[in-house]
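Structure first, commentary second.
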Amino acid sequence: MTVPGDADQLEVLRRFAPGTDLRDAVELVLRQRTGALVLFGGDDEVDPVCSGGFMLEATPFTAQRLAELAKMDGGIVVSKDAAEILRANVHFIPDPKLPTIETGTRSRTAERLAAQTGLAVLAVSEEGRSVAAVYIGADRFELRPPAVLLGEANQNLLALERLRRRLVNGERELTQLEVDDDVTVGDVVKVLERAELVRRMGAQVNRIVVELGGQAHLIAIQASDLLDGVEELAQTVFADYATSRRKNSDVFNLLAQVAMKDLHHAPLVANALKMDEVGVAVRPRGIRALKSVPRLPENVRDALIAHFKTLPKLLAASEADLAEVEGVGRTRAVQLRSYLDRLSHDGHPFHPSE
């Protein structure tokens, strides 16, 4: 699940990732310490905020060309797809009444241009701190050095690994409570809280992966491994306990409404999920347990859930009771009873590899 604007933000970071032509241009400008102000858009879009300068005819974009043009005092206009350089030595004239929190002249202009036009604007500092930032709408993205990004990515991966371990432990505890028929809303919320924390940390790592571009293959693989199965786990846990009207809702859409500081506040999370108070006893439908049964067709799983209603009733069913359900039959009933016995005894689902 993504929040509005995330896709656009990630696309901006992807376009300026290390190894791209745009990032090469930024690095050249930083090294020559001339600074730069670049607006990305077509003539009709930029005309209202441009004055002076000169037009360029069919000038393909290259990092070297942009760096040379940045040696002049004015700004530069590049096509929205960064394929051509359209104008150089331009004086940009955004609305001075637009609010800005920036202090430097170039950065203030960039922020106002982005707010007024909705286009991407690149601002590269001239002296002192070597800073390059992209503005688009109300957002600002600083282009950080790869070494800084790699350090942050490794720290976040360690945090993600710890959170995933806590989620695994939480799921095991929930399974044991289900077998003991001793689950409360608070127990369910604890697992879903942890799943949401994993998702949010994973989103931070994935953002850095985008910022790093081609230098992030190993980080992307590690993050993918740690996030594998988290969404399905959260959805099945929620489907097990949510009201019938809510059980097919996207749990992460609901959890996204909870601020980070409130994610450890179980009553607030339960309220966002439209569940009962945390101390209320609840019973699972058996959806998560049956999803772990090897080669069990979905229609048979649904029939079992509809027939027995709750996991405790399913755990108490005999082979004959199971065989009565449409699509089960004697052979599958024996297999199911073996699985349920293992679940009841060990407190975790049976897997063929065990």
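If you go through the stretch 240-279 and keep only what is loosely packed, with under 12 Cβ neighbours inside 10 Å and over 20 Å from the mean Cα position of the chain (by Cα), you end up with T243, S244, R245, N248, G279.
Residues checked against (1) more than 30 Å from K274 (Cα to Cα); (2) within 15 Å of the chain's Cα centre (by Cα):
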residue	(1), (2)
K190	no, no
E196	no, yes
M201	no, yes
I208	yes, yes
L212	yes, no
L218	yes, no
L226	no, yes
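Step by step: first the residues of the stretch 120-131, then only those that are out of contact with any Phe, Trp or Tyr (no Cβ under 8 Å at 6 or more places or on another chain) and of a type outside the set (D, E, K, R), then the one that is modelled with the lowest pLDDT. Which residue is that?
That would be G128.
Step by step: first the residues of the stretch 319-354, then only those that are open to solvent by less than 50 Å² (accessible area, probe 1.4 Å) and part of a loop (DSSP other than H, G, I, E, B), then the one that is modelled with the lowest pLDDT. Which residue is that? Among them, the one singled out is P349.
A single member of R140, R108, R144, R162 is open to solvent by 10 Å² or more (accessible area, probe 1.4 Å) and assigned to a strand (DSSP E or B), and it is R140. I need the full set of residues from the stretch 74-96 which are surrounded by fewer than 13 Cβ atoms within 10 Å (Cβ to Cβ) and more than 19 Å from V26 (Cβ to Cβ), in order please. Matches in the stretch 74-96: D95, P96.
Residue pairs whose Cβ atoms lie under 8 Å apart, sitting 6 or more positions apart in sequence or on different chains, and linking a residue in the stretch 19-43 that is within 23 Å of M55 (Cβ to Cβ) to a partner that is among the basic types (K, R), are L22/R15; T34/K71; G35/R106; L37/R106; F40/K80; G41/K80; G42/K80. Inside the stretch 23-53, can you point out the residues that are surrounded by fewer than 20 Cβ atoms within 10 Å (Cβ to Cβ) and under 29 Å from the mean Cα position of the chain (by Cα)? Of everything in the stretch 23-53, those that are surrounded by fewer than 20 Cβ atoms within 10 Å (Cβ to Cβ) and under 29 Å from the mean Cα position of the chain (by Cα) turn out to be R23, D24, E27. Scanning the stretch 39-55 for residues that are part of a strand (DSSP E or B), out of contact with any helix residue (DSSP H, G or I) (no Cβ under 6 Å at 6 or more places or on another chain) and under 11 Å from K80 (Cα atoms) yields a single hit, F40.
Residue count for the stretch 290-321 satisfying the condition of being in contact (Cβ under 8 Å) with a residue 60 or more places away in the chain and touching a helix residue (DSSP H, G or I) at 6+ places or on another chain (Cβ under 6 Å): 2.
Scanning the stretch 56-83 for residues that are in a loop (DSSP other than H, G, I, E, B), small (G, A, S) and over 15 Å from L113 (Cβ atoms) yields A70, S79, A82, A83.
Among residues belonging to the stretch 84-105 that are of a type in the set (A, V, I, L, M, F, W, C) and either part of a loop (DSSP other than H, G, I, E, B) or within 14 Å of T34 (Cα to Cα) (or both), point out the one that is farthest from the chain's Cα centre (by Cα). Looking at residues that are of a type in the set (A, V, I, L, M, F, W, C) and either part of a loop (DSSP other than H, G, I, E, B) or within 14 Å of T34 (Cα to Cα) (or both), I get I93. In the stretch 57-67, the residue that is least open to solvent (accessible area, probe 1.4 Å) out of those that are out of contact with any helix residue (DSSP H, G or I) (no Cβ under 8 Å at 6 or more places or on another chain) and at pLDDT 95 or above is P60. Whenever a residue of the stretch 238-251 is of a type outside the set (A, V, I, L, M) and part of a loop (DSSP other than H, G, I, E, B), its partners that are modelled with pLDDT under 85 and open to solvent by 20 Å² or more (accessible area, probe 1.4 Å), lying with C-beta atoms within less than 8 angstrom and at least six residues away or across chains, give the pairs D250/M1.
Of all residues in the stretch 189-235, those satisfying the criterion of being farther than 30 Å from A147 by Cβ, open to solvent by 10 Å² or more (accessible area, probe 1.4 Å) and either of a type in the set (F, W, Y) or part of a helix (DSSP H, G or I) (or both) are K190, E193, R194, E231, E232, L233, Q235. Scan the stretch 295-318 for residues that are open to solvent by 40 Å² or more (accessible area, probe 1.4 Å) and assigned to a loop (DSSP other than H, G, I, E, B) and the total you get is 5.
The values are calculated or read from the model by the stated rules, or taken from the named source; none is laboratory data. Computed from a prediction, not measured in an experiment: that's the story for all the values here. A quick note on method: Cβ atoms are made from the backbone with ideal geometry, for glycine too, and the neighbour counts reach across all protein chains shown. Please note that ligands, DNA and RNA were not included when accessible areas were found on the heavy atoms of the full protein model with its side chains. Shrake-Rupley method; radii C 1.70, N 1.55, O 1.52, S 1.80 Å.
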